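K.L.:
Would you mind keeping the following structure in view while I ask a few things?
The values are calculated or read from the model by the stated rules, or taken from the named source; none is laboratory data. What you see is a predicted model; the values in this text were computed from it and never measured. Neighbour counts are summed over all protein chains in view; Cβ atoms, including those assigned to glycine, are modelled from backbone coordinates with ideal geometry. Surface areas here come from the heavy atoms of the whole protein model, side chains and all, with no ligands, DNA or RNA. Shrake-Rupley method; radii C 1.70, N 1.55, O 1.52, S 1.80 Å.
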Amino acid sequence: MRSKHLVQFYETDLMGIVHHSNYLRFFEEARVHWAHKHGFIDYQKPESARHFAVLETRVLHKKPAYFGDQLEIDIQAKNEGVKVIFQYRLLRNNEIVALGETVHVALDKNLKPIRLEKKLMDLLENTQWKEIWL
């Protein structure tokens, strides 16, 4: 699945380069878009969002992104037990700008780890990784 992001001025540093902290935000946007597309989040009902704790993040910066760049973010997901692993490929004109990965665990309302719901497990088990990006 692919999401798009137009780099805004406030996401850059004094050199007009995207600040490294924003890459995780771009990945989160793509992850929320993925969850919405698959029926796990309703934008009109914020309470519909699942509770997922972030256990790990990784970003490999390959090239800088700049103010005004039209970025595309490819995302893929899989599960390993109770963990959900997302990988991201951030592109500008089909050229890799950054690669990323986030690892999550589902939580209940008391922030206790829980099993993934069947609908999500089925989706993840029936979705194959295209390739390993990171």
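K.L.:
In the range 41-69, what residues are open to solvent by 90 Å² or more (accessible area, probe 1.4 Å), modelled with pLDDT of 95 or more and either aromatic (F, W, Y) or farther than 14 Å from R89 by Cα (or both)?
P.N.:
Those that are open to solvent by 90 Å² or more (accessible area, probe 1.4 Å), modelled with pLDDT of 95 or more and either aromatic (F, W, Y) or farther than 14 Å from R89 by Cα (or both): Y66, F67.
K.L.:
Right, something else. If you check every pair at least six apart or on different chains, which have Cβ atoms under 8 Å apart with a residue in the range 19-39 that is of a type outside the set (D, E, K, R) first and a residue that is open to solvent by 50 Å² or more (accessible area, probe 1.4 Å) and in a helix (DSSP H, G or I) second?
P.N.:
The qualifying pairs are G39/K119.
K.L.:
Of all residues in the range 123-134 being open to solvent by less than 60 Å² (accessible area, probe 1.4 Å) and outside any loop (DSSP other than H, G, I, E, B), which is nearest to K83 (Cα to Cα)?
P.N.:
It comes out as L124.
K.L.:
Out of (1) outside any loop (DSSP other than H, G, I, E, B); (2) open to solvent by 10 Å² or more (accessible area, probe 1.4 Å); (3) not aliphatic (A, V, I, L, M), the odd one out for K109 is which?
P.N.:
Of the numbered conditions (1) outside any loop (DSSP other than H, G, I, E, B); (2) open to solvent by 10 Å² or more (accessible area, probe 1.4 Å); (3) not aliphatic (A, V, I, L, M), the odd one out for K109 is (1).
K.L.:
Among I85, I96, I75, which is surrounded by fewer than 16 Cβ atoms within 10 Å (Cβ to Cβ), in a strand (DSSP E or B) and hydrophobic (A, V, I, L, M, F, W, C)?
P.N.:
Of I85, I96, I75, the one residue that is surrounded by fewer than 16 Cβ atoms within 10 Å (Cβ to Cβ), in a strand (DSSP E or B) and hydrophobic (A, V, I, L, M, F, W, C) is I96.
K.L.:
Which of the following residues is over 19 Å from S3 (Cβ atoms) and of a type in the set (A, V, I, L, M, F, W, C): I75, I132?
P.N.:
I132
K.L.:
Could we say that A35 is aliphatic (A, V, I, L, M), assigned to a strand (DSSP E or B) and either modelled with pLDDT of 95 or more or open to solvent by less than 40 Å² (accessible area, probe 1.4 Å) (or both) here?
P.N.:
no
K.L.:
So, R25, is that one in a helix (DSSP H, G or I), open to solvent by 80 Å² or more (accessible area, probe 1.4 Å) and at pLDDT 90 or above or not?
P.N.:
yes
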